[in-house]
Amino acid sequence: MTTIQQPRILGAGVNRVDGPLKVTGQARYPNDFNLPGMAYAAVVRSTIPSGRIRRMDTTAAEKSPGVLEVITHENADHLGEAPPSFVKNPQPPLQDDVIRFYGQYIAVVVADTQQNATAAARRIEVEYDRHEALLDPHDPRAERIKDPWGEDTAWGDVRTALNRAPVMIDQTYTTSENTNNPLGLFTTVASWDGDTLTLHDSNQWPNMIQQVVAAMFGVPRDAVRVLTPFVGGGFGAGLRCWSHIPLAVMAARHVGRPVKLELTRPEMFTGLGHRTASINWIRLGATRDGRLTAIEHESLTTLPLDGDEYEPCSSVSTWSYASPNVTTRDQQVRLNIPWTNFMRAPGDAQGNFALESAIDELAWEVGLDPLEIRLLNYAEVDPKTGRPWSSNALRQCLEVGARRFGWSERNPEIRSMRDGHELVGYGVAGVSFFWYQQPCSARVIVKGDGSAYVRSAVTDIGTGTYTIMAQLAAGLLGLEVDQVEMQLGDSSMPVGTAAGGSGLTAALGSAVHDACGRLIQKFVDLAGTDPFSPLANVPFEDIEVSEGRLFRKGEPTRGESLARILAVHGLTELSADGNSTPNSPEQLGMTPAGARGARFVEVRVDEDLGRIRVARIVTVNDGGRILNEKLARSQILGGTVGGVGMALFEETVTDKDTGRIANATFGDYLIPVNADIPDVHIEFVGEPDAFNPIGVKGVGEIGLVGVAPAIANGIFHATGKRIRALPITMDMLMD
Amino acid sequence: MTTLTVNGTEYPLDLADPRVTLLDALRDRLDLTGTKKGCDQGACGACTVLSDGRRILACLTLAAQCDGREITTIEGLESHPMQDAFVRHDAFQCGYCTSGQIMSAVALLGENRAGTDADIREYMSGNLCRCGAYSNIVAAVREVARNA
Ligand code: FES
Ligand code: FES
């Protein structure tokens, strides 16, 4: 009983099980909790990027109507250090007078209403000693960190290969800062009961928040309960314990009441981190017929003064295409900026833009079809280790996508296709995404009536975890989907991992798979103790499950229902815990391939105005086994929209003199609206992946990757202008 | 005392503080938290409700302005076909924009602006969806508009 049965349940496009709650306004997000006696907090942020607080005058704020408490570094609790998870967490706020970036929290005001808290927060006066800030990545005084993760890679001899290459591309590609901006305002509702603490909190990893808060406030981990059954998106923003969380907890302790701290939209720009800007230097060497002989890829990204970030932009160049000589190097530079942080496909989004633009340039240089050059350089095996891939349908993604799109109708000449005053261009990009998985656990319980529930302290940020895990457990236990309930979003459940890195489905799914196997074993053992059971003496390997019954393979009548086994033994339920840890590539003798994909876009550029419109998109992806096609399509669609944003709209603009984010509102920071998104054709190819027992590769992020270079490549085809900087705006296309 | 009429129920509201928006009144005072706050600046549409049948942004409306108006929120829809269509077309992911999208979409039907996909896209563009469910939202609205 280790294989996945019931294919009619797995993969089926069943509706989101939490859908009815979401369309009736009944799903409760962290800021929807109003607790009895609850007070409201408002934060005060620094208005310089670097320096010290000389003096703070809180008198007016304290006297303001309804104010219960004003906390600054002068009266803040001394908090313990924030432990790291797989990355650092911000150290506790209000512990000193040092300003490290514009927008850093310097006070929190608590009042009886939000209006009173917000009004009082504006009345705090601050005097600073300003220091010169580091804001320019090229500032020689800024600290540079080379090879931050020990992942710089080299094989072959890139120097010699580049020197000898008959054709070379040597270009620089840049991407702007982007801000995750989940629509849900991140909120913490903190409530102490003696020494125990309950948080309704927006995050993507309740156990991490629990651990960090417990350490800061010096209470046992079990004394902190973090509840996140619903969160209004994250896209990576919820993967660290941001400073507003301990601020809310501290405020609740000070006033002895529950406190709600809801960030405002502008505060979401400084308080949760953002996607780093990147500079990518790429050198490609190739033969005259377009075969790669060398790839050199270096990147520079930014860091805040006291944080870290995993953004290996150059890594894509180690696994995307076959090349005998490859060198990749990443560097980071520390600045007085708000935290850089994960945002949907960190590193990959930027690195792929650079590589896929460069490959396109190479295609034009050697006179090859941009689709052909990608097929020509397809990596049959992992180019770094020579090991086979756990699965890789990139070739199919490109071929199927090209057919659906009608790539063959493309006129290969630039500026050759037009429709009225619009120049039409076709662009393509390939995507090879990374693979990531963390340990995870889950408990599966079958109840007396034969239905089941699954518990794990993870979150469903909109990806569909509630639904697909119910489907998976139903498939493994031989139940219907509506007989299984997935419970999540509570740190007191079995320890769960982050909803991030496109790794949750593999991690949690493998844990659920393990738990279901153990649970069926328990049922078989239990039945075996009953000499009258038709399952007595049937070895475990010969057991099958279907329709809530265990039976002997090939003998459907020789069996018993789960409910009956429980009843016979006087049990109300039976449960089993399951765990998953990532497999090792060495042991399996294969390289885990993340998802693969291809993007085809038609862009239209107004010849006079430079106005850019994406007319249609075809996105084909290999996500391994797709547990629910309807929901997986939504992930790809959402990623595609994010990719259009990255390509054409999104840019977090920091004022070069003050370090202030100048466009921290939805009016100024543009994200795609409905009218910006054309028809998107989404398709899946590939097979179940061999690297984990359920055969999945995550699809949460890949949809975004490759959209920007496909658009840039299409713009080149339409206009003859090669734009190497994101976002691409109309001014860049005007003569 | 102001009287807020929400989903057919009259709520007497002590609005000593004139700064209270309709959105905050709904969410903080009446515990009608189905209406969401995404920006509080009139730029995202998450707070869309109906006022006498027309869609408005609750974050840009003071509660005190609503005396005598009929406010309808997501909690006031009674199994509207739009809700069902949103579920079947998977027209959301995190669900945070959904109340606003559905209220906008319901109003759109009455505005006769759901005739073509281009119209739906255009007139639903005041409602941001950061999860990017746009094409599925269009599909849901199109279906309900056709069947209306
Ligand atoms: S919350 Fe009202 S428009 Fe964004
Ligand atoms: S569903 Fe998340 S913002 Fe629309």
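The values are calculated or read from the model by the stated rules, or taken from the named source; none is laboratory data. What you see is a predicted model, and the numbers here were worked out from it, not measured in a lab. Using ideal geometry, Cβ is built from the backbone for each residue, glycine included, and neighbour counts are taken over all protein chains shown. All accessible areas refer to the heavy atoms of the entire protein, side chains included, with ligands and DNA or RNA removed. Shrake-Rupley method; radii C 1.70, N 1.55, O 1.52, S 1.80 Å.
What the table below lists for this structure:
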{"read-out": "B:CYS97 long-range amide H proximity, modeled H, under 5 Å", "value": "none"}
{"read-out": "Most to least packed among A:267-279, A:502-514, A:140-152 [average Cβ atoms within 10 Å]", "value": "A:502-514, A:267-279, A:140-152"}
{"read-out": "Computed over region B:79-147, Cα set: Rg, Dmax in Å", "value": "10.4, 29"}
{"read-out": "Heavy-atom accessible surface that B and A bury in contact, both chains counted, 1.4 Å, Å² to 100", "value": "4200"}
{"read-out": "Vicinal HN-Hα couplings computed from phi for region B:122-139 (Karplus, 6.51 cos²θ - 1.76 cosθ + 1.60; Hz; Gly/Pro x)", "value": "5, 7, 9, 7, x, 10, 6, 10, 6, 6, x, 8, 3, 4, 6, 5, 4, 4"}
{"read-out": "Radius of gyration and Dmax over the Cα atoms of region B:2-74, both given in Å", "value": "10.8, 29"}
{"read-out": "Beta bridges per DSSP with both ends in region B:2-74, % antiparallel, nearest 5", "value": "85"}
{"read-out": "Computed Kirkwood radius, in angstrom, where 1/r is averaged over Cα pairs of region A:450-575", "value": "15.3"}
{"read-out": "Axial C-alpha extent at least 30 Å, average Kyte-Doolittle at least -1.0 - helices from chain A (DSSP)", "value": "A:504-528"}
{"read-out": "Solvent accessible area, Å² - A:GLU62, 1.4 Å probe, full protein context", "value": "100"}
{"read-out": "Whole-angstrom gap from region A:390-459 to region A:215-241, using each part's C-alpha centre", "value": "30"}
{"read-out": "For region B:62-76, 3J(HN,Hα) per residue [Karplus equation, 6.51 cos²θ - 1.76 cosθ + 1.60, θ = phi - 60°, Hz, x = Gly/Pro]", "value": "6, 4, 5, 6, 9, 4, x, 9, 9, 9, 10, 10, 4, 5, x"}
{"read-out": "Per-residue average of Cβ from other chains inside 10 Å of A:186-196", "value": "0"}
{"read-out": "Between region A:708-735 and region A:668-685, the alpha-carbon center distance in angstrom", "value": "18"}
{"read-out": "Rounded to the nearest 20 debye, dipole of region B:37-102 from Cβ charges on Lys, Arg, Asp, Glu", "value": "180"}
{"read-out": "Farthest positive-ward along chain A dipole, Cα basis, beta-carbon charges - from A:LEU135, A:LEU94, A:PRO65", "value": "A:PRO65"}
{"read-out": "Exercise: per-residue mean of other protein chain Cβ atoms within 10 Å, B:94-105", "value": "6"}
{"read-out": "Exercise: per-residue mean of other protein chain Cβ atoms within 10 Å, A:674-682", "value": "6"}
{"read-out": "Set of lysines near A:LYS522 by C-alpha distance (under 21 Å), chain-local residues within fewer than 8 positions excluded", "value": "A:LYS447, A:LYS553"}
{"read-out": "Links that overshoot a 28 Å alpha carbon limit, given the list A:LYS88/A:LYS697; A:LYS146/A:LYS697; A:LYS63/A:LYS260", "value": "A:LYS146/A:LYS697"}
{"read-out": "24 Å Cα-Cα threshold exceeded, pairs from A:LYS630/B:LYS36; A:LYS656/B:LYS37; A:LYS22/B:LYS37", "value": "A:LYS630/B:LYS36; A:LYS656/B:LYS37"}
{"read-out": "Vicinal HN-Hα couplings computed from phi for region B:111-119 (Karplus, 6.51 cos²θ - 1.76 cosθ + 1.60; Hz; Gly/Pro x)", "value": "7, 6, 10, 10, x, 10, 4, 4, 5"}
{"read-out": "Nonlocal amide H pairs with A:SER50, under 5 Å, H built at 1.01 Å", "value": "A:HIS131"}
{"read-out": "Selection from A:THR719, A:ASN75, A:THR640 lying farthest towards where the dipole of the protein assembly as shown points positive, charges on Cβ", "value": "A:THR719"}
{"read-out": "Antiparallel content of DSSP bridges confined to chain A, in %, to 5", "value": "75"}
{"read-out": "Charge dipole magnitude, Cβ of K and R +1, D and E -1 - region B:79-147, Cα centre, debye nearest 20", "value": "80"}
{"read-out": "Radius of gyration, Dmax [the protein assembly as shown; alpha carbons; angstrom]", "value": "27.6, 87"}
